[in-house]
Amino acid sequence: MLRAARTNFWTLGLRAATKGVVFDLGGVVIPSPTPVIKDFEKKIKLKKNTIVKCLIKNGDNSAFSAFERGELLPKEFEVAFGKELSEFTGEKVDVSGFVEYLESKITEPIPDAMEAIQTLKKLDYKIGILTNNWKNENGESFMMKDELFDVVVESAKLGTRKPNKDIYEKIIEEMAIAPEELVFLDDIGKNLKAAKKLGIQTIKVETGKPQKAIHALAEIIGKELVDWPSTTTPLRPGLELCEQKLRKFLKEKLNLEAEELILRQFDHGQSNPTYYIKYAGEELVLRKKPPGKLLKGAHAVEREFQVMNALGKAGVPVPKMRCLVEDESILGTAFYIMDFARGRLFKDAGLSGVPKEERKDCYKAVIEALAAVHNVDPIKNGLQGYGKEKGYLSRQVKTWTKQYRSAETEKIESMENLAEWLGENVPRQQIPLSVVHGDFRMDNCIFHPTENRVVGVLDWELSTLGDPLADLAYMCMQHHLPSTGNGLSGVADLDLEEEMIPTVDEIVDYYKEVRGLKIDFDLDYYLAFCFFRLAAICQGVYKRALQEFDDKLRWTQPAIMEELKAKAKTAGLWNLFIPNEVWKRPDKSGICFYGGRNGQNSFRFRTVQLLAARYWKYGSADQIRRR
């Protein structure tokens, strides 16, 4: 199974604070010479691995070692090395042009390594280079020039090479940092062993896999060092993927093949686990059904693929779809793959990271994306049969009532009352049938990296055909939720005018303007329905968490909790005893799924249910104020 890269080289509690990082050059910052040497062997028709075997045999007395100590220039080296190979093979070997060929293949820096170095510099780490290199014909050393390096120690200038002790003592002296405060990255084991003897922390860089070493380095400093999405995390336990099967599939289906596979997991959209893949120069997203027993009809990634594929062809901003796979033998559950859309993702509805003067533009962009979805004629765009064309709201109320009851763990009177009221007060649909996203909100929209426009709408698992006002209401739910205190971000407690965030009325008016609608409509019923549906979803995930992680230790309720709950109910309050870290999960299923695994105490996840009940009982904030 492919897990997030972890490092066992150091014990965190015993390790000194890192102040400097020293990089080998070949195989770490620039490509390894090993594959180039193998290519050169083919070029001169030399048996595979002959050069490496000859180097090992002659060791520190070889022409190559003398070359790296600066004792031979390229042409001199090629003559001497040709003689060594001839003696080793028993045949005349001419390696003329070897140095030029080698240099031409390894001069381009490895992008991820350079990005990591740039990040380290910004974090005020001292950067060193410790390399076995050589001199050119003019006597200058072969060395990449970059102002990012604070210290450079070269074997060709120093006259000694790794793994000799004195070259490590030189880098320690030049860096002016204690050995235990340095980290050294190299692709050769004996070079690392020598450094480690002096107290330097070491990381082995596997050939062709610099990212794995960068992961290890990132673990030490506690920050990501390369340009992977900041919203990704290492793969979480229980949600790992089989690397071998994934590689095989990518090769057979998408004609992608490479030595290194980077796989991380997004920390949002986890009702269906979502993964970031960097492989063979491509950036992809894999989205699959979660493991375990699922509610019937839930987590339908097949439908997500169908609707995104159709809408993308109709001009709606969605990522390019690559393939759908329903064969569960490959990765355990059905999945699809799409392109990764680079851009910005705003998790809080208040857009705290966006300049105030740009916030209304961001909201307008989201509304325009929603209008684009609703403007697509489903029948003309291959989505006939994607959902029933009549009775959307009645059917939805029945469906979510059924889903809620199938996941029910105890009777909640307010939920029963709300379900009954919704069924008896279904409004007549006022706007023509359209695709309904079902979970449309700010954090399901990817914005352009620099422009305030949406380049991708995500998370289509609840989409169907129906009343578009349900989507509009769902987007407006945030205006009835607080901005802090939980993972369901809202703006209800913000001064909208001061924060330059549009009101519900402004959102509705702009939506009507973009779609060219001339009618008035009331969103109150739709808001009540949206809260009810979200409560049912949370209940379903909560029950699954109970089933998968139930044990006596995790679910023992402390006596004091029961006492506090009883007092709270007597006082007319609800039991919201939910650990703070659980609220910080960025999505609803994460709150339920991972909160349910917390071993400190058990709890009943009722927050969204209470919001639904509150809305049913009291109406919207505007309605309350009007009373």
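The values are calculated or read from the model by the stated rules, or taken from the named source; none is laboratory data. What you see is a predicted model, and the numbers here were worked out from it, not measured in a lab. Note: ideal-geometry Cβ built from the backbone for every residue, glycine included; neighbour counts use all protein chains shown.
Things to note:
- Criterion applied to E416, E424 was being within 25 Å of K543 (Cβ to Cβ), free of Cβ contacts under 8 Å to residues at least 24 places away in the same chain and not assigned by the TED database to the domain that holds G315, and the one residue passing it is E416.
- Yes/no for T401 being surrounded by 14 or more Cβ atoms within 10 Å (Cβ to Cβ) and more than 26 Å from the chain's Cα centre (by Cα): yes
- Of the residues in segment 256-269, none is touching a His at 6+ places or on another chain (Cβ under 7 Å), at pLDDT below 90 and either more than 30 Å from M114 (Cα to Cα) or not assigned by the TED database to the domain that holds D459 (or both).
- Single match in N575, N486, N580 (criterion: at pLDDT below 50 and in contact with a helix residue (DSSP H, G or I) (Cβ under 7 Å, 6 or more places away or on another chain)): N575
- Of everything listed in (1) outside the structural domain of A334 (by the TED database); (2) more than 16 Å from the chain's Cα centre (by Cα), the single unmet condition for Q211 is (2).
- Note on segment 367-387: among residues that are part of a loop (DSSP other than H, G, I, E, B) and out of contact with any strand residue (DSSP E or B) (no Cβ under 7 Å at 6 or more places or on another chain), the one that is surrounded by the most Cβ atoms within 10 Å (Cβ to Cβ) is N381.
- Of all residues in segment 486-512, those that are on the phi > 0 side of the Ramachandran plot have Cβ atoms under 6 Å from Cβ atoms of residues that are assigned to a helix (DSSP H, G or I) and surrounded by 14 or more Cβ atoms within 10 Å (Cβ to Cβ), 6 or more apart or on another chain, in M500/R359; M500/K360.
- Tabulated pairs, segment 114-125, first free of Cβ contacts under 8 Å to residues at least 40 places away in the same chain, second outside any helix (DSSP H, G or I), C-beta under 8 angstrom, 6+ apart or interchain: Q118/L148; K121/I127; K121/L148
- Taken together, the criteria place E357 among residues that are surrounded by fewer than 17 Cβ atoms within 10 Å (Cβ to Cβ) and out of contact with any strand residue (DSSP E or B) (no Cβ under 7 Å at 6 or more places or on another chain).
Residue by residue, here is whether (1) in a strand (DSSP E or B); (2) of a type in the set (A, V, I, L, M); (3) free of Cβ contacts under 8 Å to residues at least 12 places away in the same chain holds:
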| position | (1), (2), (3) |
| --- | --- |
| K278 | yes, no, no |
| R287 | yes, no, no |
| P290 | no, no, no |
| L295 | no, yes, no |
| F305 | no, no, no |
| P319 | no, no, no |
| S329 | no, no, yes |
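- Selection status of I220, surrounded by 15 or more Cβ atoms within 10 Å (Cβ to Cβ), in contact (Cβ under 8 Å) with a residue 60 or more places away in the chain and not in a helix (DSSP H, G or I): no
- Test for K411: is it at pLDDT 90 or above and of a type in the set (K, R): no
- For the criterion of being surrounded by 17 or more Cβ atoms within 10 Å (Cβ to Cβ), closer than 17 Å to D24 by Cβ and in contact (Cβ under 8 Å) with a residue 40 or more places away in the chain, D187 passes.
- Sole residue being buried (at least 17 other Cβ atoms within 10 Å of the Cβ) and in contact with a helix residue (DSSP H, G or I) (Cβ under 9 Å, 6 or more places away or on another chain), chosen from L225, L235: L225
- Scanning segment 89-122 for residues that are under 30 Å from L182 (Cα atoms) and surrounded by fewer than 12 Cβ atoms within 10 Å (Cβ to Cβ), we see that the one that is modelled with the highest pLDDT is K122.
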